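The values are calculated or read from the model by the stated rules, or taken from the named source; none is laboratory data. Every value quoted in this text rests on a predicted model; they were computed, and no experiment measured them. So basically every Cβ, Gly included, is an ideal-geometry build from the backbone, and we count neighbours across all protein chains shown. Just the protein is used for accessible areas: all its heavy atoms, side chains included, with ligands, DNA and RNA removed. Shrake-Rupley method; radii C 1.70, N 1.55, O 1.52, S 1.80 Å.
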Amino acid sequence: MAGNQNPFFTMFGMDDPFGAGEGSQQATPHVEFNATEDFRQLKDKFASMSKKALVALVIVAVIALAAAYWWFHPPINIHSVDTWMFVAVFILLPTFLFFRAKTRAYKNGTSKVSSNAGKAKAFKVLSFVPVVVFALVLVGTLMSVSFFPGNAQKYASVLQTTDMEFTQDIQEVDYNEIPVIDRESAVLLGNRTMGAMSDLVSQFEISPLYSQINYQDHPVRVSPLVYADLFKWLQNREQGIPAYVIVDMTSQDAQVVRLEGDKAIKYSESEPLARNIDRYVQLKYPFYMFGEKSFEIDDEGNAWWICPVRDFTIGLFGGETVSRAVLVNASTGECQDLDVSEVPEWVDRVYPANLLIQQYNWSGKYKDGWINSWLGQNGVVQTTPGSDGTLGYNYIAKDDDVWMYTGVTSATGDNSIVGFVLVNQRTSESHFYSVAGATEDSAMQSAEGQVQNLRYQATFPILINVSNTPTYFMALKDDAGLVKKYAMVDIRSYQNVAVGDTVADTQKAYMSLIAANGSGEGSASSDSAIEASGTIKTIAQAVIEGNSHFYVTLDGDSRIYDFALPGMLNVVSYAVGDTITFRYIEGDPTSVAQEIVEAAVNSTQDSSGQGGSSASDAEDKDGSDGSASGEEGASGQSEEKAA
């Protein structure tokens, strides 16, 4: 390349268009731009426009404003930040510039406008109107902050929480209804169903929504299909979206539900124009501020969009809550505008989980005033975070509703909880349960430690009641996101961890564990426990992992019943030939005893008293083993009772 020729133009066989290469006689062009002067000239031209030009400009501005409103569809509401951003950009700023330009024109005069001090003063006054509006918005913002006098108590009362007893309010778990997978696993299972839709796979994709609801008494996640791209929308918009995906959280079954005829989804997120669900519902209710919507299905399987209406109760932008909900039929576009108290029971989600957590944190932080929330922090609590720093919560089914669950910890954010809170996502009914124990993150680490050689990762746990013991239940997944094992962790003693390949195996191991450690506070529910009665055929003792177990068989019964100490300590007073009645949890190869119902009926006590001696001898042996395993107290009590 000769000289200093520009390599870019040489590559394409072009000469230097600016003639700036070496030996060129033409100098590089120089452009001067005076921003202040050019802007002044622009204002002068704008101020000196004729009336016809101004009318045409106004018409164009109105059309542009209407088009911008239709496309961006901000709510027309003084409590909406989107509204004020729209007003500031499209109304306040142009109005301010227009009035300032007119003020300058009438003050100095132009070729088309003569100087007029009165009009200049009038336009100057009008130019302050947008400034005053902007200042009022700033004042409203200031009145929304928590340190504004009186606001702390208002924030604390947005969500009303009632203290409840865990064992009285939370029923013992039904393992046929417990969700065993988390959202990520549900997404994996749901996305794999696309292979079963050979006629749809090239036209549609699955939306990432996956809303969790209760459907036919089962926790499920549902998500609609969406158009794959703009061209797929053009091809299929007349017929609509023909299916949605449903994933059963208990059985892990995923299926595609076909929607035939007029039940196809016409209003969706992937619609780019008038049937876009956000645009459609906002333009239909222009004064409503809509929050995070959800996709749900009713009891007949019809698709609906649930659009909560946001309301701000403190200043302009503070104290967010939900006052109403608009239900939109995804097929017909039919809308139902309902108060929160009027929302039908099949709807499971009106209040988003992140809003409920925010409201509870307001209550925990500001209930004793704003100053205490920063300085003394007496009684200040907050919800527990997730393992990755995000919000930590999950969902449980209760009373045919979906309740958001999260732990509650102190303001210092240590590794223990003072209790946990359940909030109904349909009604915002909130319950607090005082239970001291480990945080969800600590329980997850404890469960992962049981399988550390496999490097499984624990999902965020859900709360269940096992024999009146607050328990974390979680799945253990491999690197591919597939569920491999399950774990149960005692909230109050998170070193008590049971792991199994199935939910039934995990349940059996955990029941044995809490019975051995005496963690259970009461008998198992009649739904999960079975009553057995009979004459003891054999009784044997063993020490497993430092815990004493009595294994009992009954005449005419092939089962082996496991009585773990110290929870089932009364079993030491029984011997072969005694009649016993107890409740147990079915298992294989052993069934775990939960409660002894009747006292011993010793058929040989009057003649020889050998039954008591046998139990005493057995407990003497257990005493030596228990001493080695740190259970001297329990063994001593057993020996005294047997004697």
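Points to keep in mind about this one:
- Here region 96-170 has 64 percent of its accessible surface on carbon and sulfur atoms, given a 1.4 Å probe and all protein chains in place.
- Taking 18 Å as the limit for the C-alpha separation, the pairs Lys51/Lys112; Lys367/Lys398; Lys51/Lys119; Lys293/Lys477; Lys52/Lys121 exceed it in the case of Lys367/Lys398; Lys293/Lys477; Lys52/Lys121.
- Scaling the Cα radius of gyration of region 151-239 by the globular reference 2.2 N^0.38 Å produces a ratio of 1.69.
- Hydrodynamic analysis of region 357-493 uses the Kirkwood radius over alpha carbon pairs. Inserted into Stokes-Einstein at 4 °C and 1.567 mPa s, it gives a translational diffusion coefficient of 82 µm²/s.
- Under the Karplus curve 6.51 cos²θ - 1.76 cosθ + 1.60, θ = phi - 60°, whole-Hz ³J(HN,Hα) for region 167-172, x wherever Gly or Pro sits: 5, 8, 9, 9, 6, 5
- Net charge dipole size for region 93-211 [Lys, Arg +1 and Asp, Glu -1 on Cβ; Debye, nearest 20]: 2560 debye
- In this structure, Val125 and Trp70 have a Cβ-Cβ separation that, at R0 = 41 Å, corresponds to a calculated FRET efficiency of about 0.75.
- Pairwise label distance in nanometres, Leu273 with Gln153, each label 7 Å out on the Cα-Cβ vector: 5.6 nm
- Spin-label pair Ile530-Leu391: with each label point 7 Å from Cα along the Cα-Cβ axis, the two points sit 4.3 nm from one another.
- Cut-off 14 Å between beta-carbons: net charge of the residues surrounding Ile560, Lys and Arg +1, Asp and Glu -1: -2
- Available extension along the chain between Ile78 and Asp400 is 112.2 nm, counting 0.36 nm per residue and deducting the alpha carbon span.
- Fraction of accessible area attributable to carbon and sulfur, region 363-411 (%, probe 1.4 Å): 52 percent
- Along the axis of the charge dipole computed for region 380-515 (Cβ charges of +1 for Lys and Arg, -1 for Asp and Glu, origin at the Cα centre), the listed residues Leu454, Ala411, Tyr433 are led at the positive end by Leu454.
- Whole-Å distance, taken between Cα centres, linking region 66-144 and region 228-306: 40 Å
- At R0 = 45 Å, FRET efficiency that the Cβ-Cβ distance of Gln235 and Glu345 yields, to 0.05: 0.70
- Scattering profile of region 191-266 at q = 0.17, 0.25 Å⁻¹ [log10 I(q)/I(0), Debye over alpha-carbon scatterers]: -0.64, -1.20
- Electrostatic dipole magnitude of region 391-532 [Cβ: Lys, Arg +1; Asp, Glu -1; Cα centre; debye, to 20]: 240 debye
- Per residue, the solvent-accessible area of region 179-261 (1.4 Å probe, heavy atoms of protein chains only, all protein chains present) comes to 45 Å².
- Rounded to 0.05, the FRET efficiency of the Asn108 and Leu338 pair, given R0 = 41 Å and the Cβ-Cβ distance, is 0.10.
- Net charge in the neighbourhood of Ser416 (other residues with Cβ under 15 Å of its Cβ; Lys, Arg +1, Asp, Glu -1) is -3.
- Heavy-atom accessible area, probed at 1.4 angstrom with all protein chains present, ranks Phe231, Phe582, Phe148 as Phe231, Phe148, Phe582, highest first.
- Once backbone amide H atoms are built at 1.01 Å from N, Lys398 has Trp403 as its partners under 5 Å, excluding neighbours fewer than 5 places away on the same chain.
- A full extension of the chain between Asp298 and Lys484 corresponds to an added length of 63.7 nm, given 0.36 nm per residue minus the alpha carbon distance.
- Averaged over its residues, region 334-444 has an accessible area of 39 Å² per residue, based on protein heavy atoms and a 1.4 Å probe.
- One decimal place: the segment Ala88-Asp169 gains 24.1 nm when fully extended, by the rule 0.36 nm per residue minus the C-alpha distance.
- Plainly put, region 311-424 has a radius of gyration that is 1.04 times its Kirkwood radius, both from alpha-carbon atoms, as the Rg/Rh ratio.
- Rolling a 1.4 Å probe over the heavy atoms of the protein chains gives region 477-518 an accessible area of 38 Å² per residue.
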